[in-house]
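Chemist: This is the structure I want to talk about, given as structure tokens.
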């Protein structure tokens, strides 16, 4: 059973930092080098000076340690005297719809997967080593992980969705117009109820697999117990049954060493039905809307499909749909290696059938960003291809929450960058420092 508990949060001191918008930023792994410099220039106390510290090699971790100690000494950062949990709200608009999502910020004791906590993504050694060195240097968790938990009865949300902000609330608006608000729960009875409810549910990692595994390994090496601060991660927990949980697709950008459009279309026609939508700058929105509408309709019918835009045929959008009579056989074929729950995903069939079999990519090429890169928005994907930076863009439907759960509970792993939970947890609203507990 997962162990959730309150913590003594470390927060920016609003007497020193009067505008919190100047010191927060998105999670470290979605910030480009150019964006990092923009955030860093906003304030000498912006969180990127810690999460993406300056310096080469191990020097950067030493720099992060020096900065956080300096900020604590100067009271730029101050810690709560009493442990507690927080409500975290995100208000945002996506595709014309308004959302209000509320979750809980608390600690989660790290455990091996399957012991109440589940994953759905593969992790890689280099990012884990980077986050471990940073965690050891600052002795804490600078950013919250993004968790979802199973609460069909809506026990927690029924308590927190109608609560009014109090004087402790802290709000910022990010670069996408998302309003993030954090405030501490003062009612200890309510705190205990929420901690108990989440502790009695299954918990799934949405974002933060690398940081979770880093903390788990660190705790094991130090033989950590539930009494040790380093045995916990800072998490924001949202109910997976909330209507305000949004997953975006992550589109693929492909670079090829040699390519024939005619040969490729002929090859994929053996497995897929192909439809064409005329595309130009003048009708770009209309064409993409049409593609998205049809892809969504086919998704509802459990058909495997995706869109494609090619540098070699820039006046067309392709809608590529797996032939229904071939679907089960192809899923069965790949299930032997990657599992049924993963093999049935659109992104898996794109990887296994299109990238590996038709384009001839090795697994190493698929996980190398030199050959397959990732992007959030369709228009941006097409723009990259039009500029000649990449040869092909493959446009995908989003993975559903149900698919995430099925893969996680089966102990399987989705292909890299299969999910994009939106919006992300804003970094800088609360820190978890081991020595402050």
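Chemist: What's the number of the condition residue 135 fails, among (1) closer than 21 Å to residue 211 by Cβ; (2) modelled with pLDDT under 95?
Modeler: Here residue 135 clears every test but (2).
Chemist: Quick check on segment 227-245: of everything there that is modelled with pLDDT under 95 and either touching a strand residue (DSSP E or B) at 6+ places or on another chain (Cβ under 8 Å) or over 20 Å from residue 100 (Cβ atoms) (or both), which residue is surrounded by the fewest Cβ atoms within 10 Å (Cβ to Cβ)? Even if it seems obvious, please write down each step before you answer.
Modeler: Looking only at segment 227-245, we keep the residues that are modelled with pLDDT under 95, and these are 240-245.
From what is left, the residues that are either touching a strand residue (DSSP E or B) at 6+ places or on another chain (Cβ under 8 Å) or over 20 Å from residue 100 (Cβ atoms) (or both) are 240, 242, 244-245.
Values: 240: 21, 242: 20, 244: 19, 245: 17.
Going through the qualifying residues, I end up with 245.
Chemist: Please enumerate the residues belonging to segment 376-402 that are farther than 15 Å from residue 206 by Cα, in a helix (DSSP H, G or I) and in contact (Cβ under 8 Å) with a residue 60 or more places away in the chain.
Modeler: 378, 379, 381, 382, 384, 385, 386
Chemist: If you don't mind, another one. Return the residue satisfying two criteria in turn: it lies in segment 412-435 and is surrounded by fewer than 21 Cβ atoms within 10 Å (Cβ to Cβ) and closer than 23 Å to residue 218 by Cβ, and of such residues it is modelled with the lowest pLDDT.
Modeler: Checking each candidate, the answer is 413.
Chemist: Which of the following residues is assigned to a loop (DSSP other than H, G, I, E, B) and out of contact with any strand residue (DSSP E or B) (no Cβ under 6 Å at 6 or more places or on another chain): 259, 264?
Modeler: 259
Okay, residues lined up against (1) free of Cβ contacts under 8 Å to residues at least 12 places away in the same chain; (2) more than 27 Å from the chain's Cα centre (by Cα):
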| position | (1), (2) |
| --- | --- |
| 7 | no, no |
| 24 | no, no |
| 29 | no, no |
| 34 | yes, no |
| 57 | yes, no |
| 61 | no, no |
| 69 | yes, yes |
| 75 | no, yes |
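Chemist: Name the one entry in 282, 300 that is without any contact (Cβ under 8 Å) to a residue 60 or more places away in the chain, within 28 Å of residue 325 (Cα to Cα) and either loosely packed, with under 13 Cβ neighbours inside 10 Å or more than 28 Å from the chain's Cα centre (by Cα) (or both). Write out each step before concluding.
Modeler: Working: 282 fails: within 28 Å of residue 325 (Cα to Cα).
Exactly one residue qualifies, and that residue is 300.
Chemist: Here's something else I'd like to know. Quick one: which helices (runs of 4 or more DSSP H) sit completely within segment 319-358 and have at least 3 residues that are in the same structural domain as residue 289 (by TED's automatic domain parsing) and farther than 19 Å from residue 296 by Cβ? Show your work before the answer.
Modeler: On the way: elements: 324-338, 340-343, 346-349.
The helices (runs of 4 or more DSSP H) meeting that bar are 324-338, 340-343.
Chemist: Continuing with the same structure: Does at least one position in segment 403-410 carry a residue that is free of Cβ contacts under 8 Å to residues at least 40 places away in the same chain, more than 14 Å from the chain's Cα centre (by Cα) and either buried (at least 17 other Cβ atoms within 10 Å of the Cβ) or more than 26 Å from residue 362 (Cβ to Cβ) (or both)?
Modeler: Initially, segment 403-410 is screened for residues free of Cβ contacts under 8 Å to residues at least 40 places away in the same chain, giving none.
Within segment 403-410, none of the residues are free of Cβ contacts under 8 Å to residues at least 40 places away in the same chain, more than 14 Å from the chain's Cα centre (by Cα) and either buried (at least 17 other Cβ atoms within 10 Å of the Cβ) or more than 26 Å from residue 362 (Cβ to Cβ) (or both).
Chemist: Next question. When the residues of segment 150-160 are filtered to those that are modelled with pLDDT of 95 or more and touching a strand residue (DSSP E or B) at 6+ places or on another chain (Cβ under 6 Å), which remaining residue is nearest to residue 422 (Cα to Cα)?
Modeler: Only one residue fits best here, namely 157.
Chemist: Out of 137, 171, which single residue is assigned to a strand (DSSP E or B), over 18 Å from residue 2 (Cα atoms) and either in contact (Cβ under 8 Å) with a residue 24 or more places away in the chain or touching a strand residue (DSSP E or B) at 6+ places or on another chain (Cβ under 7 Å) (or both)?
Modeler: Details: 137 fails: assigned to a strand (DSSP E or B).
Matching residue, one of 137, 171: 171.
Chemist: Out of all the residues in segment 170-183, which are farther than 14 Å from residue 104 by Cα, modelled with pLDDT of 95 or more and out of contact with any helix residue (DSSP H, G or I) (no Cβ under 9 Å at 6 or more places or on another chain)?
Modeler: Those that are farther than 14 Å from residue 104 by Cα, modelled with pLDDT of 95 or more and out of contact with any helix residue (DSSP H, G or I) (no Cβ under 9 Å at 6 or more places or on another chain): 177, 178, 179.
Chemist: Being surrounded by fewer than 22 Cβ atoms within 10 Å (Cβ to Cβ), over 24 Å from residue 215 (Cα atoms) and at pLDDT below 95 is the requirement here; does residue 81 meet it?
Modeler: no
Chemist: Does segment 377-386 include one or more residues that are surrounded by 14 or more Cβ atoms within 10 Å (Cβ to Cβ) and on the phi > 0 side of the Ramachandran plot?
Modeler: Checking segment 377-386: not a single residue is surrounded by 14 or more Cβ atoms within 10 Å (Cβ to Cβ) and on the phi > 0 side of the Ramachandran plot.
The values are calculated or read from the model by the stated rules, or taken from the named source; none is laboratory data. Model, not experiment: these values are computed from the prediction. As a convention, Cβ positions derive from the backbone with ideal geometry for all residues, glycine included, and neighbour counts pool all protein chains shown.
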